[in-house]
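Before any comments, here is the structure.
The values are calculated or read from the model by the stated rules, or taken from the named source; none is laboratory data. It should be emphasised that the depicted structure is a prediction, and the values quoted were computed from it without experimental measurement. Positions of Cβ are backbone-derived with ideal geometry, glycine not excepted, and every protein chain shown enters the neighbour counts.
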Amino acid sequence: MKKRTFLHSLNDAVKGFIHVVKHERNMRVHFLTAFFVLLLAAFLGVRRLEWMILSVTVCFVLVTEMINTAIEDTMDLVKGTFHPAVRVIKDISAGMVLVSVLNALIVGFFIFSRYWAWPMEFTTLRLRYASIRVMFITLLVVVFLVIAGKAFRKRGLPGRPAGTPFRGGAVSGHAAVAFSLWTMIALVQSNFFITTATFCLAILVAQSRLRARIHSFWEAVAGAAIGISVTAFLFKLFIF
């Protein structure tokens, strides 16, 4: 049996998460809701302790939904036909998710209620001059789009393997993040040497995916396009 590396284990873990997002409607709802909640938290500038509470709450909801899915799939394998005990077990696991969602609603209410009274003009003004926060939001959006591309779109070239979350897929996540960072640097400072150097580094990251035959040319281009366009749009919207 081939010895497994840490990267193999990490790939399997992310594949499991993507599988649940791809095949379970409730998980997609939770995932999208969690994404927009964290995006809203970054926009409002919640405090560090509130970030920690939100992160734990979001993870709790996602983990309970994954456990619920694992329990339901296991029950379907163990009992191929209908059985009252299987129905009870599935109802209990669904109730576990319900409790976690109710807890998330309560936590979200108490955290975000203190920000609802802020004038929108003041919030927008704070965000315009908080480039670090905009960078965080931008990377969050880029990573989300890459995950969505890997989860909901098949590889464009026929006959090629589906790949793993860190190798292959319809969009090059490495190229997306590399070109997003280059665009950020190009927009926030005017040093030509730094801008050129970071652009070359982004090119090298994309080229490394091509040389390793992990991505095709157009998959790397798609990743670069996502990184550049999303970063330019959000910086244009919130800073310039």
Of the residues L77, L98, L102, only one is exposed (fewer than 10 other Cβ atoms within 10 Å of the Cβ) and without any contact (Cβ under 8 Å) to a residue 12 or more places away in the chain; which?
L77
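For every residue, the table says whether it meets (1) modelled with pLDDT of 85 or more; (2) farther than 17 Å from A104 by Cα.
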| residue | (1), (2) |
| --- | --- |
| S9 | no, yes |
| E24 | yes, yes |
| V29 | yes, no |
| A34 | yes, no |
| E50 | yes, no |
| V56 | yes, no |
| L62 | yes, no |
| E65 | yes, no |
| A70 | yes, yes |
Would you be able to say whether some residue in the stretch 185-195 is at pLDDT 90 or above and in a helix (DSSP H, G or I)?
no
Suppose the filter is within 13 Å of the chain's Cα centre (by Cα) and either at pLDDT below 85 or small (G, A, S) (or both); does A13 pass it?
no
Looking at the stretch 196-225 only, could you name the residues that are more than 14 Å from F179 (Cα to Cα), part of a helix (DSSP H, G or I) and touching a residue at least 40 places away in the same chain (Cβ under 8 Å)?
W218
The residue that is surrounded by the most Cβ atoms within 10 Å (Cβ to Cβ), considering only those in the stretch 226-238 that are free of Cβ contacts under 8 Å to residues at least 24 places away in the same chain and over 16 Å from F136 (Cβ atoms), is S229
From the option list L210, L157, L204, single residue qualifying as surrounded by fewer than 17 Cβ atoms within 10 Å (Cβ to Cβ) and either modelled with pLDDT of 90 or more or in contact with a Gly (Cβ under 9 Å, 6 or more places away or on another chain) (or both) is L204
Output the residues belonging to the stretch 65-79 that are closer than 21 Å to T33 by Cβ and β-branched (V, I, T).
I67, T69
